[in-house]
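J.: First, the structure itself, so that you have it in front of you.
Only the coordinates and a few stated rules stand behind these numbers; no lab work does. Everything numeric in this text was worked out from a predicted model, so none of it was measured. With ideal geometry, Cβ positions are generated from the backbone for all residues, glycine too; neighbour counts draw on all protein chains shown.
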Amino acid sequence: MTSSHVLRQETNCGFWFIRDEGRAFEVNVDTYAVLAALVRGRGHVRKEGHRFTAGATALPQDLTAALQRHGLTPGATPGWDTVRLIPLPPNPPTDAAVAPKRIYFEITRACNLACRHCFNNSHFPLPHELSLDEILDVNRQAEEMGVFEIRYTGGECTRHPDFRAIVDDARRRGLYVSIGTNGVYSPEQLEWLPTSGVDWFIISLDGDRDTNDAIRGRGSYDAVMTTLAALATHPHLRVRLNMVVARNNVATIADVAQVAADTGVASLNLIPLRPYGRATRHMTQAMFSKADFYAFISEVNRLRVLHPHVDFSTTIDLLDPTKTTSHDRLVRKHRTCAAGIEACVVGPLGHVYGCSYSPASFPDTIDETSAAFIAGSLRDDPLATIWSESARWRAFRDLEEFKHPKCLTCRHYTIRCSGSCQIMAYYEQTKAADPDSPLSAFCDPYCFADLLDEAWPSPEGDGR
Ligand SMILES: C[S@@+](CC[C@H](N)C(=O)[O-])C[C@H]1O[C@@H](n2cnc3c(N)ncnc32)[C@H](O)[C@@H]1O
Ligand code: SF4
Ligand code: SF4
C-alpha cells in the first residue's frame, strides 16, 4: 500500500510527515515513542498482553486533533497502516538530519530553453547522465531512508523521455513529488502533467513579458501564462513561482506578484541572482549591491501587504513580519541553510552535494575546488552511506569553517536569518585580493544588516 504518512525518528526528535500536504511536523522524543507504538500497534498501544489506547492521552491535544483530521485516531485501526515508520539508522550524522528531508534531483541538463542566467549552463544533456534504472534506484533509496520529498529539476525535468515513469515510481513509493520547471509545455504535456502525480509545480517567471522573455526566450512568458491557467483548473495542485531577481528585473517584481495573485499561485520565491554558469558571462553586472538588496527587501514587504494570500520568500529577509528563517513546510534553515543539513542535490551524473549553486554543479570539469563541495557519487556509494559520513560534508556542516564571525553575534541570526551563505562567501573569496584567507573571512555580499542597523539602530521585538 502506498504510504500517506511517514513517521521518522531523529536523534533528538521525530518528524510526522503528511504526504498530501508536503508538510512535516516536529515531535519530541516522548511523542515520537507514543506515535511509533501506535503505528506498530495499528492504532493501539499494547502493553503486558492488554490492548489499550493510553497513547491517546499521552499525546498533546492539538497533535491528537491533527492526527484525527488526517484519519489517524488513536484507539481506532483505520488509517494507521498508511504510516511508514522509519526508525533511527545505525550511524546517524550528529550535525544533520538523519536523512535528507528533500532531494533536489537534477535528472538531466537537457532543456528546451537556454536562459541567459542559467547557473548550470543547461540546454544540452551531459555525456553519461544517469540511466532510467539509476534514476529509479535513487527513488528507491529515498524511500528507504525516509526522505519526504523529491524535487525533480535540471535542466528541464519534464523533457526527460521517461519522466512519466519516474514520477509514477516516486508516487508509488509515497514520496511527495515536486518539480522545478520552466513551465513551457507542449499541448500534450499540458494535458498530462496536471494529472501526472506531480504534487507541487515550481515554475520560473522572471518578470513582465518583455523582461522575462529577454532572459528566458521569446514566447516563454505567454507559455507560462497558459500553464498557470491550466493548473488553476486543478485546485488540489500546489503552485509556486520562482523569480531570479537582479537589477535587470527588480522593477517588475510587482508584475510577477500580480500574476501570482491573479492565478491563485500560493507562493512567490524570489531568488537573488547567483554568479554561476551563464550568469557569469552575461549578468554579473546585474547583481544587487547591498543597498539594492535592502531596497529589494523593502519592496517585498510592500508587496506582502498588497497580496496577503501570496507567501513571499527569499534569502536574508530581515524585514519579514514573521520571525522566520524559512517559509518552507519541510526545512527549518535554522543555524545555516538546508544544504547538506536537511536537503541535498543529486546531480545528473549521480554526484551528491549540498547546493546546486556551488562549484559541484559542474561535474564535467571537477577539480580540487569543486571536489570539496561534492560529498560522493551514487555510482560509488549508496546515498545512506554518503549522507551519514559528515567528514564528506565539511563544506556544508562545519559551520565554524565558513560562517562569518559577525553572524554568530548578529541579532538576526537564527531569528530571521540563517547566516552568511558559504557559496556566496566562496564567490567573494575568488574575487578577493587575498584568496588564501579562510572562507569565514568573507560574508555574504547580500547581507544588509549594517544598513538596517543604521536605519533602525535598536528595533524592538527581536527577542535577543
Ligand atoms: C536551473 S533551473 C531548473 C528548473 C527549470 N528549468 C527552471 O528554469 O525553472 C532551477 C532554478 O534556478 C534558477 N536559476 C537559474 N539561473 C540562476 C542564477 N544564476 N541564480 C539564481 N537562480 C538561478 C531558475 O530560474 C530556476 O528557478
Ligand atoms: S534556468 Fe531552467 S529553463 Fe532556463 S536554461 Fe536553465 S534549466 Fe533551462
Ligand atoms: S550578519 Fe548578515 S548574514 Fe549573518 S546572520 Fe546577520 S544578517 Fe544574517
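J.: Give the residue from 312, 271, 300 lying farthest towards the positive end of the charge dipole for the range 253-329; charges sit on Cβ (+1 for Lys and Arg, -1 for Asp and Glu) and the dipole is referred to the Cα centre.
T.: Positive-most Cα among the choices belongs to 271.
J.: Tell me, rounded to the nearest percent, the portion of alpha carbon pairs in the chain spaced more than 37 Å apart.
T.: Cα-Cα pairs of the chain separated by over 37 Å account for 26 percent.
J.: What do the square roots of 5 times the Cα gyration tensor eigenvalues come to for the range 61-176, in whole Å, largest first, as semi-axes of the equivalent ellipsoid?
T.: 35, 16, 14
J.: Please report how many Lys pairs in the chain have alpha carbons closer than 20 angstrom, counting only residues at least 8 apart along the chain or sitting on separate chains.
T.: Pairs that pass both the separation and distance tests number 9.
J.: A follow-up question, please. How much mean residue ellipticity at 222 nm does the chain get from its helices, if each DSSP H run of length 4 or more adds -39500 (n - 2.57) and you divide by all residues, to the nearest 500 deg cm²/dmol?
T.: Computed ellipticity for the chain at 222 nm equals -8500 deg cm²/dmol.
J.: By count of other Cβ within 10 Å, fewest leading, how are 263, 233 ordered?
T.: 233, 263
J.: Please identify every one of the chymotrypsin sites (Phe, Trp or Tyr not before Pro) in the range 7-42 that sits in a loop by DSSP and has no more than 12 other beta carbons within 10 Å of its own beta carbon.
T.: Qualifying residues, ordered by number: none.
J.: With a ≥ b ≥ c taken as the square roots of the eigenvalues of the C-alpha gyration tensor of the range 386-457, please select rounded if a/c is under 1.5 and otherwise prolate if a/b is larger than b/c or oblate if it is not?
T.: oblate
J.: Same structure, new question: Could you give the nm distance between label points at residue 123 and residue 40, where each point is 7 Å from its Cα heading toward the beta carbon?
T.: With each label point 7 Å from Cα toward Cβ, the separation is 5.7 nm.
J.: Okay, moving on. How far apart, in nm, are two points set 7 Å out from the Cα along the Cα-to-Cβ line at residue 453 and at residue 28?
T.: Taking the two extended label points, one gets 3.5 nm.
J.: Specify, per residue and in Å³, the volume enclosed by the convex hull of the alpha carbon atoms belonging to the range 144-217.
T.: 103 Å³
J.: Can you compute the modelled spin-label distance between residue 380 and residue 229, with each label point 7 Å from Cα toward Cβ, in nm?
T.: 5.1 nm
J.: Next question. Please identify the trypsin sites (Lys or Arg not before Pro) of the range 114-221 that satisfy two criteria: DSSP loop assignment and at most 14 other Cβ atoms within 10 Å. Which are they?
T.: Listed in order of number, the matching sites are 218.
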